[in-house]
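What follows draws every value from the coordinates through simple rules; no lab data is involved. What you see is a predicted model; the values in this text were computed from it and never measured. Because the Cβ atoms are built from the backbone with ideal geometry, glycine has one as well, and the counts that use them run over all protein chains shown.
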Amino acid sequence: MEVITVINCDDVQCVSERVKAAKEFSQWLHLDVADARFTFNKSWGDPVAWSEIGKGVNTEVHLMVEEPEKAAGAWLDAGAKRLIVHLETINEQSLQEIKKSVEERGAELMIAVNPETPVENLAPYFKEVSRFQILGVYPGPSGQNFLPLVLEKIKFLRQQAPDATIEVDGGINLETAKLVKDAGADIVVSGSYIFNSADPKATYEKLKGI
């Protein structure tokens, strides 16, 4: 299974240390950017600094922010190869703005949906976007417990969009990674489970082996 390592930090020192460690084993990194408006917490999120810290790293930036269209360009310029924006924060106009910015830079776009949002609300975007993220927790800090209710969302999305790439974010460990894979997910992202383990690289490899 494809596994992407999450960087979810409050300060630049944490970001730098985790990026350095994850570079040793993870082909992609997933940077969480929370603005304390869309989320109940604020995480580190400086695209200018990231352009140096994340240089040479395949990065997807998860914009857990209000008005993602205002932040998209800066993160793409900082080297993001994939942007993840929330269904709850976009409309048709803002989506087109973001898509244009992404396409101009040869990057990819993914749409995320919160646990409480009906997954059916993604249907209007099936023809425009081929990558979707199901949050297994509420957007915000890492270390939350996985919400089993999202398994039905994954199954529904796989049935309705059989060719889509489905990523699951939040509460991922060996047990929940197997559950979401069986439900139809292609990718899992994991942060605290990897970094809080005694051997992050070995933990990452175990997740990949599911």
If the chain between LEU174 and GLN27 were fully extended at 0.36 nm per residue, the gain over the current Cα-Cα distance would be 51.0 nm
Ranked on Cβ counts within 10 Å of their own Cβ, fewest leading, ARG37, ARG82 go ARG37, ARG82
Karplus-derived 3J(HN,Hα) from phi for the range 94-105 (6.51 cos²θ - 1.76 cosθ + 1.60, θ = phi - 60°), whole Hz, x at Gly and Pro, runs 5, 4, 5, 4, 5, 4, 4, 4, 5, 5, 4, 9
Taking a crude spin-label model, label points 7 Å out from Cα along the C-beta direction, the ASP11 to GLN93 distance in nm is 4.1
Under the Karplus relation with 6.51, -1.76 and 1.60 and θ = phi - 60°, whole-Hz ³J(HN,Hα) for the range 178-183, x at Gly and Pro, equal 5, 4, 6, 5, 5, 6
Simple spin-label estimate for ASP186/ASN114, 7 Å along Cα→Cβ, in nm, reads 2.6
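Report, to one decimal in Å, the Kirkwood hydrodynamic radius for the range 2-208 based on all distinct Cα pairs. Mind showing how you got there, number by number?
On the way: mean 1/r = 0.0593 Å⁻¹.
About 16.9 Å, per the Kirkwood formula over Cα pairs.
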At the level of C-alpha centres, the distance separating the range 4-80 and the range 107-129, in angstrom, is 21
The ratio Rg/Rh over the Cα atoms of the range 25-120, Rh being the Kirkwood inverse mean 1/r radius, stands at 0.95
For the chain, percent of DSSP beta bridges that are antiparallel (nearest 5) comes out at 5
With +1 at each Lys and Arg Cβ and -1 at each Asp and Glu Cβ, the charge dipole magnitude of the chain around its Cα centre, to the nearest 20 debye, comes out at 500
Put in order of increasing Cβ neighbours within 10 Å, starting from the fewest, LEU147, LEU83 give LEU147, LEU83
Per the charge dipole of the chain (beta-carbon charges, Lys/Arg positive, Asp/Glu negative, Cα centre), the residue among VAL15, PRO139, TRP28 reaching farthest to the positive end is TRP28
In deg cm²/dmol, rounded to the nearest 500, the helical mean residue ellipticity at 222 nm of the chain, built from -39500 (n - 2.57) for every DSSP H run of length 4 or more, is -10000 deg cm²/dmol
Which residues qualify? For GLU2, with a placed amide H closer than 5 Å and at least 5 residues away or on another chain, they are VAL188
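Return CYS14, CYS9 ranked ascending by Cβ neighbour count within 10 Å, so the fewest neighbours appear first. If you can, show how the numbers build up before the last one.
Numbers: CYS14 15, CYS9 20.
In order of increasing Cβ crowding within 10 Å: CYS14, CYS9.
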Phi angles of the range 45-57, converted by Karplus (6.51 cos²θ - 1.76 cosθ + 1.60, θ = phi - 60°) into ³J(HN,Hα) in whole Hz with x for Gly and Pro, give x, 10, x, 5, 5, 5, 4, 9, 4, x, 4, x, 10
Interchain or sequence-distant (5+) residues whose placed amide H lies within less than 5 Å of the amide H of TRP44 are CYS9, ASP10, ASP11
In debye to the nearest 20, the charge dipole size for the range 92-210, taken about the Cα centre with +1 at each Lys and Arg Cβ and -1 at each Asp and Glu Cβ, equals 260
Among LYS23/LYS99; LYS23/LYS70; LYS70/LYS181, the pairs whose Cα-Cα distance exceeds 31 Å are LYS70/LYS181
